[in-house]
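Since every read-out is calculated from the coordinates, none of them should be taken as a lab result. All figures in this text were calculated on a predicted structure; none of them were measured in a lab. Here the Cβ positions follow ideal geometry from the backbone for every residue, glycine too, while neighbour counts run over all protein chains shown.
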Ligand SMILES: [Zn+2]
Ligand SMILES: [Zn+2]
């Protein structure tokens with residue numbers, strides 16, 4: 001579970017159900033007794049909490065000493081912060097207000113512990129397929145290790161105490177990122193969403209709270225955290241996800257019988273293989289068509305695995321991190337098109 | 001149905017607000033909802049960008065507007081002015097931000113927070129993983145209780161019970 005430095009990043013490995021499942025994430029919210037929550041903490045107190053957690057995880061003879069690096073958020077540039085949001089290592093909220101925060105990042109980027117975001121700790125674990133159970137085991141191990149030395153705020157009735165009361169109880173949010181072009185197109189998704197409410201789940205845009213969906217990417221997650229155990233939450237979410245996947249596959253089969261729809265996929269590929277400039281909104285839509293074509297076996301010459309890799313590469317901050325912080329949007333759009341022509345040459 | 005604000009796009013977001021009994025309903029398109037959200041008109045805590053987020057409907061219908069505790073924010077009540085011993089927050093600052101000041105606030109303002117917590121999660125208690133801290137604490141509490149019983153047993157010269165209690169305590173202290 002604990003990777004070394006030059007291993008593949010988690011998103012570079014293909015997960016189960018890769019035709020519809022983009023990634024899975026799970027986080028625990030934890031806080032330390034005796035400190036205010038981050039929104040009213042002093043800089044000094046934040047520093048103390050950062051150091052306590054860092055020492056608990058990678059201090060002394062910890063078995064994880066070489067698996068994680070500690071990053072002071074104050075030392076990150078805006079581009080680095082945005083790039084981390086694109087890779088889901090930190091939340092948009094954390095990037096907007098990094099002051100006094102810190103990050104404990106596992107080398108393969110599959111575990112990221114945000115310090116002093118909304119809560120003192122947000123332990124996040126990420127994987128590329130539908131693997132909530134595995135992710136839970138990893139998060140649970142890290143949490144238990146930290147619990148040995150840290151004084152977590154916990155109440156018998158309210159469970160783990162969190163800044164916002166919506167996270168009380170397990171403090172756990174599990175979510176699955178799904179690519180749902182077909183049920184989005186035929187309207188099934190809308191009716192489905194209403195039903196999810198009743199069973200304590202939610203579906204929304206790809207970067208979590210407050211974000212819109214782009215390229216038909218949706219995030220399904222649990223909503224209730226008090227009164228339901230971690231295991232039950234996960235098995236509910238697995239069941240819901242599998243049902244959504246089944247609906248999506250049925251809708252895809254129906255859509256793809258339609259020649260016009262197939263034509264859309266091929267046109268998307270035509271543009272991606274030839275365009276000289278492409279903004280990120282256009283890319284998101286075309287990418288969605290291409291990914292579906294590859295996932296359904298209509299298009300060959302590239303894997304969904306490789307596609308995820310390309311996707312991460314051409315995001316705005318990802319490009320700037322690689323090719324220079326001072327790139328203008330026009331330069332980024334050109335670079336994006338260059339990369340796509342090169343990477344999709346064999347499609 | 002068309003968006004009530006721009007009257008151009010299809011309304012996809014339904015927002016119901018309830019401020020001290022003053023109820024308003026809005027049907028908005030995603031853009032207008034996002035714009036209003038950005039302006040802070042509906043508070044900061046909710047996600048209106050997307051019709052698929054049930055929390056917005058849920059919380060708003062419960063009348064929790066600017067914060068999960070917002071419904072109580074403006075209400076004068078007994079115990080106003082009381083502050084948390086650890087972080088110094090009073091209830092109005094918690095109501096305003098929608099966040100507790102520190103873990104201890106949940107104990108300090110227990111009865112006043114309870115209705116909101118019930119609205120969010122239902123009438124329920126935690127089930128699932130426990131922190132070791134409390135396992136130790138509850139152990140300590142139990143030992144303290146047993147020691148009290150032991151004193152009582154010695155006082156009343158119930159030596160059989162005293163011996164039994166002593167063994168129990170010894171085992172737990174290991
Ligand atoms: Zn509108
Ligand atoms: Zn407090």
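Table for the structure above
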read-out	value
Degrees, to the nearest 10: A:329-343 long Cα axis against longest axis of chain A	70
Gaussian network model of chain A, Cα within-10 Å springs - most flexible of A:197, A:111, A:21	A:197
At q = 0.11, 0.22 Å⁻¹, base-10 log of I(q)/I(0) for region A:39-102 (Debye sum, equal scatterers on each alpha carbon)	-0.29, -0.98
Gained length - residue B:157 relative to residue B:92, 0.36 nm times residue gap less alpha-carbon distance	18.0 nm
Packing-based exposure ordering (other Cβ within 10 Å, fewest first) of B:91, A:68	A:68, B:91
Degrees separating the helix A:304-313 axis from the principal Cα axis of chain A, which is the longest one	70
Acute angle (nearest 10 degrees) that the helix A:43-58 long axis makes with the longest principal axis of chain A, alpha-carbon atoms	80
Rounded, prolate or oblate (a/c below 1.5 giving rounded, otherwise prolate when a/b exceeds b/c) for region A:128-268 by Cα gyration tensor	prolate
10 Å Cβ neighbours from other chains, averaged over peptide A:195-205	4
Order by protection proxy (mean Cβ within 10 Å, highest first), peptides A:300-306, A:286-292, A:233-239	A:286-292, A:233-239, A:300-306
For region A:259-343: relative contact order, % (alpha-carbon pairs under 8 angstrom, 6 or more apart)	42
Average beta carbon contacts from partner chains per residue of B:114-124, 10 Å cutoff	4
Förster-model FRET efficiency, 51 Å R0, residue B:85 and residue A:279, C-beta, rounded to 0.05	0.40
Diffusion coefficient, µm² s⁻¹, Stokes-Einstein with Kirkwood Rh over alpha-carbon pairs of chain A at 25 °C and 0.890 mPa s	116
FRET efficiency, 1/(1 + (r/R0)^6) with R0 30 Å, evaluated for residue A:254 and residue A:198 via beta carbons	0.70
Computed FRET value (nearest 0.05) for residue A:298 with residue A:239, which takes r as the C-beta separation and R₀ as 25 Å	0.30
Zone of residue B:123's modelled label, taken as backbone nitrogen in region A:132-164 under 18 Å from a point 7 Å along Cα→Cβ	A:157-158
Test item: A:145-158 mean partner chain Cβ contacts at 10 Å	5
For region A:97-166 and region A:37-95, distance of Cα centres in Å	11
Three principal axis lengths of region A:259-343 [C-alpha, angstrom, descending]	43, 22, 18
Mean separation of Cα contacts under 8 Å (6+ apart) over length of chain A, as relative contact order %	20
